[in-house]
Amino acid sequence: MNKPTRESIFKDASRRMRADFEDARNNVPHRGEAGGEGEEIIRNFLNAHLPSQYRATNGFVIDKDDNISGHTDVILYDALNCPVYRTSERGMIIPNDNVTAVFEVKFSLTTSTLDSALKKIHELKNLNKTPHSPDHAKGEQIATYGVIFAFESQIKYETVFEHWHKNLVDDNPLHNSCSMIVVLDQGIFITCMDIPGSGCAPADIQGISPSPIGTKLGIAYFEYKELTLDIMLRLLICHLTLFRHRIDHPGFNFGSIGPVPSIWIGEYTDEQNIFYK
């Protein structure tokens, strides 16, 4: 009996995911329902392999200013510290401060599906987050990690570079864009940095941080083939490890409080004493 290795475990996971994808593509007649099964495949994979503190669901993301996203394929959130605003058959409503990553899932990566997925990731990235607390830990992450996952690709890596670059705008420069594009059994496109004297390396670029002059930011493609799922999970866990652990509070908005019926039965006579009538 062969001893299992990390490589063999994730190769098996990749084969199972590929088989589920082929079954959905070939045997589910309605395109929308087939797409829904593709999203469920990814959610099931994440829920089976990530620490149980984090859960993957579908639904909507809402921020403290009541901005709400469109329906999102996969929302990865800190379930241990997250209030849930609503659950339904269409999915949950999750407060943005507790959302650590979002996935847009595509059966096939084409120029049109890539453009639409990047647009959706950018909308989600532009929802507001509560800023870092003054005493936050060094390296703590609050930004949402944006992932596009495709079961196959019909375009060359040069075309992915071109379209990702083309979709970057003032509101969504590279440090506020997609974090990773994954193509099953092929490879991963990921943001990267080239620090003078250190060379190019993958980097979780989630904002502007102090860097040496001349540091370059870009996108790299790594061809991992059957190890793609394993590497995707490792990169995602790097982000989760640094994600802010906090219990969010939705706050209150009573509006303008004018005269209301009330009765006053106590009053501070000084800072330490109350006189009750």
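Projected over all directions and averaged, the alpha-carbon convex hull of the range 167-230 occupies 5.0 nm². Estimated at 0.36 nm per residue, the fully extended path between residue 126 and residue 213 surpasses their Cα-Cα distance by 28.6 nm.
Within the range 88-167, what whole-number % of the accessible surface is contributed by carbon and sulfur, with the 1.4 Å probe and all protein chains included in the calculation?
Values: 1840 of 3560 Å².
Answer for the range 88-167 is 52 percent, counting heavy atoms of protein chains only.
Peptide packing: for 178-184, 263-269, 13-19, 196-202, the average count of neighbouring Cβ atoms within 10 Å per residue gives the ranking 178-184, 13-19, 196-202, 263-269, highest mean first. Under the simplified labelling scheme, the residue 171-residue 272 pair shows an inter-label distance of 5.5 nm, with each label point 7 Å from Cα along Cα→Cβ. Recomputing log10 I(q)/I(0) by the Debye sum over Cα atoms at q = 0.08, 0.09, 0.12, 0.14 Å⁻¹ from the coordinates shown identifies the correct label among (1) -0.30, -0.39, -0.72, -1.02; (2) -0.53, -0.64, -0.92, -1.05; (3) -0.40, -0.48, -0.78, -1.04 as (3).
Cross-link pairs exceeding 18 Å in C-alpha to C-alpha distance, out of 11/225; 119/216; 64/125; 64/119, comprise 119/216; 64/119. In a fully extended conformation the segment linking residue 200 and residue 112 would gain 28.8 nm over its present Cα-Cα distance, using 0.36 nm per residue. Distance between the pseudo-spin-label points of residue 242 and residue 22 (7 Å out from Cα toward the beta carbon): 3.9 nm. Prolate is the label for the range 195-237, because the ratio a/c of its alpha-carbon gyration tensor axes (a ≥ b ≥ c) is 1.5 or higher and a/b is greater than b/c. Taking a ≥ b ≥ c as the square roots of the eigenvalues of the Cα gyration tensor of the range 20-170, is the shape rounded (a/c under 1.5), prolate (a/b larger than b/c) or oblate? It comes out oblate by the Cα gyration axes. Angle of helix 157-166 to the longest C-alpha principal axis of the chain, folded into 0 to 90 degrees and rounded to 10: 30°. Here the spin labels are modelled as points 7 Å beyond Cα on the Cα-Cβ line, and at residue 262 and residue 223 they lie 7.1 nm apart.
Relative to the current alpha-carbon distance between residue 85 and residue 234, full extension at 0.36 nm per residue lengthens the span by 50.6 nm. Placing +1 on the Cβ of every Lys and Arg and -1 on the Cβ of every Asp and Glu, with no other charges, gives the chain a dipole of roughly 460 debye about its Cα centre. Over the C-alpha trace of the range 106-246, radius of gyration and Dmax come out as 15.2, 47 angstrom.
The values are calculated or read from the model by the stated rules, or taken from the named source; none is laboratory data. Since the model is a prediction, treat every value here as computed from it, not as a measurement. Methodologically, a virtual Cβ is constructed for each residue, glycine included, from the backbone with ideal geometry; neighbour enumeration extends over all protein chains shown. Note: accessible area is taken over every heavy atom of the protein model, side chains too, but ligands, DNA and RNA are not part of it. Shrake-Rupley method; radii C 1.70, N 1.55, O 1.52, S 1.80 Å.
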